Amino acid sequence: MDQKQAQEREQSMETANQPGIYKTILVGVLVSILGVYLRFAFDAIWLSILSWVILFVGAFICCKAVFKILDAK
């Protein structure tokens, strides 16, 4: 492995290990948990729809952070 590849790999690892990315994943998981809780907490059609929306927003936040880690080059 030459020097350039080693530097690129080190930069990729630094980008992938940023605490902000993992905080984003944590926020996404917490939002998703809230959506799941609301889904089973009460029986109302509007609350059910709102809970699904919250769940998908949380999942989107998590996926965005994971793809940011995978795209670290």
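Descriptive notes on the structure:
- Here the stretch 17-62 is the region considered, the condition is being closer than 30 Å to Gln5 by Cα and in contact (Cβ under 8 Å) with a residue 12 or more places away in the chain, and the residue that is most open to solvent (accessible area, probe 1.4 Å) is Tyr22.
- Residues within the stretch 63-73 that are loosely packed, with under 15 Cβ neighbours inside 10 Å and at pLDDT 90 or above, tallied: 4
- Taking each residue of the stretch 4-16 that is under 12 Å from Leu70 (Cα atoms) and touching a residue at least 40 places away in the same chain (Cβ under 8 Å) and looking for partners that are open to solvent by less than 100 Å² (accessible area, probe 1.4 Å) and assigned to a helix (DSSP H, G or I) with beta-carbon atoms closer than 6 Å, six or more apart or interchain, yields Ala16/Ile69.
- Within the stretch 43-73, the set of residues being closer than 15 Å to Val31 by Cα and charged (D, E, K, R) comprises just one member, Lys64.
The values are calculated or read from the model by the stated rules, or taken from the named source; none is laboratory data. Treat the numbers as computed from the prediction; the structure is a model and nothing was measured. Neighbour counts run over all protein chains shown; Cβ positions are idealised from the backbone, glycine included. The accessibility values were calculated without ligands, DNA or RNA, using every heavy atom of the protein model including side chains. Shrake-Rupley method; radii C 1.70, N 1.55, O 1.52, S 1.80 Å.
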